[in-house]
Amino acid sequence: MGDIDQFFQDSHYNIIRVLLSVSGLWPFHSRIRRYGIYLTMLLVLGSGCVFETLGVIEASQDSSELIDAVPMYFVCIVSIIKTFCAIYTLPQIKILLIKMQEYCISPISDEERKIQNSHAQYGRKLGYAYAGFVLGHSIVYLIATFLVRLFYGQPSGTDGLSKRLPNSQIPHHVNYMIDHNKYYYPIFLHAAICDASYTFLITTFDVLYITSVEYCCGLFATLRYRLEIAFDKNNDFGNDKTAMTKDTCYSNIVYSIRRHTEAIQFVAILESVYSISLFIQLGAIMISISFLGYQVINYTENANRLIKPVLFLNTVFFNAFFENWQGQKVIDSSERVFESVYNTEWYSMPIAARKLLLIMIMRSEKPSIIKMGKMVNLSYVTFNAVLRTSSSYFMLLRSL
């Protein structure tokens, strides 16, 4: 465990080690440490979910309040589902991390290592950018909510609603079964901690997804490089030990097939980890966009209530695009393998190498795809479908 911990700490993948360690999803920690973090998450997420569920039930009496409550409630549900999916698929996550380490320490050529490192650096920058954007919006969301309370003060009223806070003064709809005005600060603190925990857990799982996808794109890129120089018999691979035979071309094709198989297997494991969680997440996003759009239109003239749905809508749009963008990158990277295989000087290769190359052409003709729920592909097409469906739901809400 110490070796792999040290490897990730010294590599460009350190961001996923830090995030997974904090959330208790680092598979190389002891069970006692992980279970301790799980217990803490259960207390925070469980208590937050209970009070938020009661708040949604209370808001169901008013359709406009229910529309306000649903998007944030989806964040709670999605974060809990993604956390349970991560815990359930922890063995697969461990395999992904081990494969990343094994490839990085394997004897590959300097050019291949350079290509892989460039993708690792790009994945790290994307991970930081994504985490900064989502967590930053979450912090601004909570601060904006608190500032509304400071500027507008405690609401007045003597009716039964006086014990409930206005929607603009709390992060989400809650029902603590006490006077919310009297105990505003403890309630706000607990709700803020819950919201920050939801966002952090979702971000952790998403950053692992982004980093893994970029690593996979690096595998396909190094594979294309190897195919392009497969017939270059004068190429010097330095310490590369894959060229075990005198026929450099044949050994390169054998090596390429093995690497292609590893990349395909990596995508399959990645899909098994994210298939269910991303399906539920994008489904919730699709409904949330329509509800948030409805809120933005309705609160155009009410600045203190407008800022929260605008911030939330930005985050949801960004998340939906990022998830599908990464899936599209896997498709594009795997499709380019077919182009590289086809453009090799296969006609000048030995007969044995041609036969192996034919197998690779047949397999690379079908791109690798990450599917949600084994049904929907993550791609630009799916992102477009999410926006179109959300627009339909939005128009339906407007008409009602």
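Descriptive notes on the structure:
- Condition met for Ile15 (of a type in the set (Val, Ile, Thr) and either in contact (Cβ under 8 Å) with a residue 40 or more places away in the chain or open to solvent by less than 50 Å² (accessible area, probe 1.4 Å) (or both)): yes
- Only listed residue being surrounded by fewer than 18 Cβ atoms within 10 Å (Cβ to Cβ), at pLDDT 80 or above and either among the small types (Gly, Ala, Ser) or farther than 23 Å from Met362 by Cβ (or both), chosen from Ala268, Ala221, Ala263, Ala192: Ala268
- Exactly one residue out of Val376, Val381 is of a type in the set (Val, Ile, Thr) and touching a residue at least 24 places away in the same chain (Cβ under 8 Å), and it is Val376.
- Just one of the numbered conditions (1) farther than 24 Å from Tyr393 by Cβ; (2) part of a helix (DSSP H, G or I); (3) modelled with pLDDT of 90 or more is not true of Asp3: (3).
- Looking across the range 88-106, the residues that are open to solvent by less than 50 Å² (accessible area, probe 1.4 Å) and hydrophobic (A, V, I, L, M, F, W, C) come down to Leu90, Ile93, Leu96, Leu97, Met100, Cys104.
- For Met375, the conditions (1) within 14 Å of Phe279 (Cα to Cα); (2) in contact with a Phe, Trp or Tyr (Cβ under 8 Å, 6 or more places away or on another chain); (3) open to solvent by less than 50 Å² (accessible area, probe 1.4 Å) are fulfilled apart from (3).
- Just one of (1) more than 21 Å from the chain's Cα centre (by Cα); (2) touching a residue at least 24 places away in the same chain (Cβ under 8 Å); (3) under 28 Å from Ser277 (Cα atoms) fails for Ile359. It is (3).
- The conditions of being in a helix (DSSP H, G or I) and at pLDDT 85 or above are met by Phe383.
- Of residues in the range 311-329 being touching a residue at least 60 places away in the same chain (Cβ under 8 Å) and in contact with a Leu (Cβ under 8 Å, 6 or more places away or on another chain), the one most open to solvent (accessible area, probe 1.4 Å): Phe312
- Counted residues, the range 18-40 - those being in contact (Cβ under 8 Å) with a residue 40 or more places away in the chain and either in contact with a strand residue (DSSP E or B) (Cβ under 9 Å, 6 or more places away or on another chain) or open to solvent by 30 Å² or more (accessible area, probe 1.4 Å) (or both): 2
- Residue that is nearest to the chain's Cα centre (by Cα), among those in the range 6-60 that are among the small types (Gly, Ala, Ser) and closer than 30 Å to Ile115 by Cβ: Ser21
- Members of the range 346-372 that are β-branched (Val, Ile, Thr) and open to solvent by 20 Å² or more (accessible area, probe 1.4 Å): Ile351, Ile359, Ile361, Ile369
- Among the residues of the range 117-137, the ones that are farther than 18 Å from Leu208 by Cβ and either buried (at least 19 other Cβ atoms within 10 Å of the Cβ) or of a type outside the set (S, T, N, Q) (or both) come to 2 in all.
So that you can scan it fast, the table gives a plain yes or no per residue for (1) among the hydroxyl-bearing types (Ser, Thr, Tyr); (2) under 25 Å from Ala192 (Cα atoms); (3) part of a helix (DSSP H, G or I):
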{"site": "His12", "(1), (2), (3)": "no, no, no"}
{"site": "Leu20", "(1), (2), (3)": "no, yes, yes"}
{"site": "Leu25", "(1), (2), (3)": "no, yes, no"}
{"site": "Tyr38", "(1), (2), (3)": "yes, yes, yes"}
{"site": "Gly48", "(1), (2), (3)": "no, yes, yes"}
{"site": "Phe51", "(1), (2), (3)": "no, yes, yes"}
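- Cross-chain or 6+ apart pairs with Cβ under 6 Å, the range 41-70 first and open to solvent by less than 40 Å² (accessible area, probe 1.4 Å), then assigned to a helix (DSSP H, G or I) and among the β-branched types (Val, Ile, Thr): Leu45/Ile80; Ala69/Val56
- Count - residues of the range 285-310 that are surrounded by 19 or more Cβ atoms within 10 Å (Cβ to Cβ) and within 19 Å of Phe133 (Cβ to Cβ): 6
- Annotation: of all residues in the range 224-260 being hydroxyl-bearing (Ser, Thr, Tyr) and part of a helix (DSSP H, G or I), the one that is modelled with the lowest pLDDT is Thr248.
- Residue within the range 309-324 that is farther than 30 Å from Val148 by Cβ and either part of a helix (DSSP H, G or I) or of a type in the set (A, V, I, L, M, F, W, C) (or both) present: yes
- Test set (1) modelled with pLDDT under 90; (2) out of contact with any helix residue (DSSP H, G or I) (no Cβ under 8 Å at 6 or more places or on another chain) - Glu65 fails condition number: (2)
- Residue in the range 321-331 that is at pLDDT below 90, within 30 Å of Cys249 (Cα to Cα) and either of a type in the set (Asp, Glu) or within 21 Å of the chain's Cα centre (by Cα) (or both) present: no
The values are calculated or read from the model by the stated rules, or taken from the named source; none is laboratory data. All values derive from a computational prediction rather than experimental measurement. Virtual Cβ from ideal backbone geometry, glycine too; neighbours counted across all protein chains shown. Accessible surface areas use protein heavy atoms only, side chains included; no ligands, DNA or RNA. Shrake-Rupley method; radii C 1.70, N 1.55, O 1.52, S 1.80 Å.
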